[in-house]
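Engineer: First, the structure itself, so that you have it in front of you.
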Amino acid sequence: MLIAGALAGACAAAPDAPARPAGDVEAPSGGALPGAAEAARVPMPRPARARLGAAVVANQACEGCHEEVAREWRASLHHRANTEPAYRRAFAIEPMPFCRACHAPEARPEEPEPEALGALGVGCVTCHVTSDGEGGLAGEAAAPVLAAPWAGRGAPPAAPHAVIRDARFGGADACAACHEFAFPTARGRSAAELMQSTVIEHRASPAADQPCAACHMPRGPAGRRGHGFAGSRDEALVRGAVAVTARRLSATRVAVTLAPANAGHAFPTGDLFRRLEVSAEALGPDELVLGQAERYLTRHFALRPGAIGRKLVADDRVHAEPVTVELDVGAAGEGRAIAWQVAYQRVAHPNGVDLRDAEIEGEIRVASGRLAP
Ligand code: HEC
Ligand code: HEC
Ligand code: HEC
Ligand code: HEC
Ligand code: HEC
């Protein structure tokens, strides 16, 4: 493959802070560019690349030189996007080419993905090599690599490949084409038609001025951006999304308040079947549960009889404002302690719409406590 050939053996150490190395260019920026320059702007990462074997070979070259980054990426859900059991189960229920466009973006969406392309998932090349044709993976020259503007001291170290720096790659634009999209049957892109809406949620959040990378690619000791892309499986990250308090309103009622803390978007965000379970139990002797109540904070969808797809009927997730949930455990609460809990849940593709029947694939306890009688 071209990038491998052009770069072979060039993994040398960078020289001491010289002027900007040759091949390290700033992409034209701003919206006020005339047509031709605008068209020359490098595209941002996106689904459905279908570059097949060329992507696998080029990705191996990236991994060979950037070993530490590669180790982090291999442990991430981006690399496992097509092989993770949660995805395989959901895809078995709704096997659509649409899904492959993001979960195996280097394969052809309309055909079963060859194993190597499924195993690649969202690769280095999917995010960093975005131009088509000449200069891209299919081009004659070594593929130029997309990077964020240089944030370190002095000049950037020389790379054995061209580097195009683009401010959009340092922000939500690097993620937007995959992390916000409409249902396959939707006609528009209103909030109700979006299957995932992380980018508009981010724009409306208190963290709108922080890039996605600030939280999902934290810098390591050497100042380099991490590539682990922690999310739904990271207990500390998930717990930090909200600050939770609870108080007793009466003998039978409690109020649990979730205030946004370190989430850069709605909590939960992402996939449809994420939710918060807010629950309370009246406890008798030996912790016997005498009465209980729960509520689910999520995007609530209804199936549409006789039609394809789902319809959004309510969204009671935590956005930019605190959310208070009141629960009544019933007469059993009189004179009893009430235990409360907030749990973040990953739910399997639900069979019906009764939230209590859903199959839980993963759970993180966000907060819990006990209120005296
Ligand atoms: C032959 C070795 C080699 C190969 C192959 C290679 N790189 Fe690099 N790359 C380097 C070196 C050396 C640097 C400069 C030092 C550094 O930043 O790590 C660099 C710099 C970079 C940078 C810029 C970092 C910055 O902001 O200054 C990015 C991004 C990058 N490489 C990604 C990739 C990707 C993606 C691939 C595969 C398409 C790839 N590289 C292939 C060696 C390589
Ligand atoms: C999901 C998209 C995505 C994937 C997959 C990905 N990267 Fe990155 N990478 C980025 C973004 C975005 C940045 C710039 C973040 C910033 O500085 O704001 C980046 C930064 C980098 C940097 C510069 C790090 C620094 O801070 O100096 C290197 C080098 C790099 N990536 C290499 C790789 C390699 C090699 C792979 C595969 C093993 C890979 N990337 C996979 C999105 C990705
Ligand atoms: C080419 C499409 C694509 C791009 C570009 C992309 N992602 Fe992803 N991302 C995915 C897919 C698909 C998954 C789901 C993997 C799975 O769990 O099956 C994912 C998963 C994640 C997760 C883990 C979610 C979880 O449940 O824990 C995080 C965090 C994430 N991406 C952040 C980012 C950020 C930040 C960027 C931009 C720098 C980005 N992604 C760019 C496709 C993409
Ligand atoms: C201020 C920090 C912060 C910023 C900025 C941020 N996130 Fe997150 N993100 C979190 C936290 C905390 C979680 C875990 C709680 C949750 O799931 O919402 C998370 C979770 C996620 C998940 C997994 C959701 C799930 O439950 O499966 C994805 C995907 C994700 N973020 C993508 C993004 C993207 C894309 C952006 C930029 C548009 C972004 N994030 C900006 C903090 C942040
Ligand atoms: C436009 C890109 C895109 C398309 C199309 C897409 N997904 Fe995803 N998918 C994502 C991203 C991004 C995530 C990460 C969000 C999260 O984990 O909450 C994700 C997460 C998931 C998850 C959670 C995986 C996990 O590890 O927990 C499942 C399941 C899933 N998708 C199934 C599907 C199915 C089935 C289809 C087709 C009907 C599909 N997706 C189509 C981008 C896409």
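Engineer: Out of (1) charged (D, E, K, R); (2) at pLDDT below 95; (3) within 19 Å of the chain's Cα centre (by Cα), what's the single condition that is false for Arg187?
Structural biologist: Here Arg187 clears every test but (3).
Engineer: Within the set of pairs 6+ apart or on separate chains, which have a first residue in the range 245-267 that is assigned by TED's automatic domain parsing to the domain that holds Leu283, a second that is charged (D, E, K, R) and in a loop (DSSP other than H, G, I, E, B), and C-beta atoms under 8 Å apart?
Structural biologist: Ala251/Glu334; Thr252/Glu334; Pro260/Glu321; Ala266/Arg317; Phe267/Arg317
Engineer: Go through Pro97, Pro43, Pro47 for me and flag whichever is out of contact with any Phe, Trp or Tyr (no Cβ under 6 Å at 6 or more places or on another chain), outside the structural domain of Val347 (by TED's automatic domain parsing), open to solvent by 30 Å² or more (accessible area, probe 1.4 Å) and within 16 Å of ligand 4 (Cβ to nearest atom).
Structural biologist: Of Pro97, Pro43, Pro47, the one residue that is out of contact with any Phe, Trp or Tyr (no Cβ under 6 Å at 6 or more places or on another chain), outside the structural domain of Val347 (by TED's automatic domain parsing), open to solvent by 30 Å² or more (accessible area, probe 1.4 Å) and within 16 Å of ligand 4 (Cβ to nearest atom) is Pro47.
Engineer: Quick one: which helices (runs of 4 or more DSSP H) lie wholly within the range 193-274 and hold at least 2 residues that are more than 12 Å from the chain's Cα centre (by Cα)?
Structural biologist: Correct list: 198-203, 235-239.
Engineer: Follow-up question, since we're still on this one. For the range 54-86, give me each residue that is hydroxyl-bearing (Ser, Thr, Tyr) and buried (at least 18 other Cβ atoms within 10 Å of the Cβ).
Structural biologist: Correct list: Ser76 only.
Engineer: Output the residue which, of all residues in the range 165-191 that are touching a residue at least 12 places away in the same chain (Cβ under 8 Å) and open to solvent by 50 Å² or more (accessible area, probe 1.4 Å), is nearest to ligand 4 (Cβ to nearest atom).
Structural biologist: His179
Engineer: Right, another one. So, Gly240, is that one open to solvent by less than 70 Å² (accessible area, probe 1.4 Å), within 16 Å of ligand 2 (Cβ to nearest atom) and within 30 Å of Pro206 (Cα to Cα) or not?
Structural biologist: No; evaluated as a whole, the condition is false for this residue.
Engineer: Tell me whether the range 295-313 contains one or more residues that are touching a His at 6+ places or on another chain (Cβ under 7 Å), of a type in the set (A, V, I, L, M, F, W, C), assigned to a strand (DSSP E or B) and within 25 Å of Ala192 (Cα to Cα).
Structural biologist: Yes, the range 295-313 contains a residue that is touching a His at 6+ places or on another chain (Cβ under 7 Å), of a type in the set (A, V, I, L, M, F, W, C), assigned to a strand (DSSP E or B) and within 25 Å of Ala192 (Cα to Cα).
Engineer: Of all residues in the range 213-252, count the ones that are among the aliphatic types (A, V, I, L, M) and at pLDDT below 95.
Structural biologist: 1
The values are calculated or read from the model by the stated rules, or taken from the named source; none is laboratory data. Bear in mind that the values here come from a model prediction, so they are computed numbers and not experimental data. For neighbour counting, all protein chains shown are included, and Cβ atoms are generated from backbone atoms with ideal geometry for every residue, glycine included. Just so you know, the surface numbers come from the protein's heavy atoms only, side chains and all, with ligands and any DNA or RNA stripped out. Shrake-Rupley method; radii C 1.70, N 1.55, O 1.52, S 1.80 Å.
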